[in-house]
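K.L.:
Dropping a structure here in structure tokens format, bear with me for questions.
The values are calculated or read from the model by the stated rules, or taken from the named source; none is laboratory data. The shown structure was predicted, so the numbers you read here are calculated from the model rather than taken from an experiment. FYI the Cβ positions are ideal-geometry reconstructions off the backbone, even for glycines, and counts take in every protein chain you see.
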Amino acid sequence: MKVFWRVLGLATLIGFAVVVLRAIRQYREESVFDLTPAAGTIGGDGLGRGQKRSISPELLEILADPSDKGPVELMTDNSGKEWLVNRRNGYRYPIEDGIPIMLIEEGEKNKDESLIIK
């Protein structure tokens, strides 16, 4: 009976170790994506610092203005802030942390009549 309890204790200890190692591995896999800072910079030195995030050309090709479903252009204003612009209606959509905010309300709020091509 003494041998049975020792084997049971050893099996419990091994099971606990396996659970802890899996939890550590899962934590490491999930935290890989947390390494880039949320301040809107990536790249520069390869460590996640230095460059401003921008929209890839592939994504820009498929983005469309939600109000008229037409294409948008990437523009940068004097302060360095990036916008997606619809030149048919003057709507500007902000880009925050490399993510375009494509809501009709945002476009209406940031409308710029000088951007409209007639």
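K.L.:
Can you tell me which residues in segment 81-100 are surrounded by 15 or more Cβ atoms within 10 Å (Cβ to Cβ) and under 21 Å from the mean Cα position of the chain (by Cα)?
P.N.:
Hits for segment 81-100 are Glu82, Trp83, Leu84, Val85, Arg92, Tyr93, Pro94, Ile95, Gly98, Pro100.
K.L.:
What pairs come up if the first residue lies in segment 60-87 and is closer than 15 Å to Asn110 by Cα, the second is in a loop (DSSP other than H, G, I, E, B) and charged (D, E, K, R), and their beta carbons are under 6 Å apart, counting only those six or more places apart or on different chains?
P.N.:
Pairs that qualify, where the first residue is closer than 15 Å to Asn110 by Cα and the partner is in a loop (DSSP other than H, G, I, E, B) and charged (D, E, K, R), are Val72/Asp65; Asn86/Asp65.
K.L.:
Still on this structure: Among Arg28, Arg49, Arg53, which is the only one that is more than 19 Å from Ile101 (Cα to Cα), at pLDDT below 70 and either under 16 Å from the mean Cα position of the chain (by Cα) or not assigned by TED's automatic domain parsing to the domain that holds Ile104 (or both)?
P.N.:
Arg49 is the lone residue from the list that is more than 19 Å from Ile101 (Cα to Cα), at pLDDT below 70 and either under 16 Å from the mean Cα position of the chain (by Cα) or not assigned by TED's automatic domain parsing to the domain that holds Ile104 (or both).
K.L.:
Restricting to segment 93-118, count the residues that are out of contact with any helix residue (DSSP H, G or I) (no Cβ under 9 Å at 6 or more places or on another chain) and part of a strand (DSSP E or B).
P.N.:
Here the count works out to 3.
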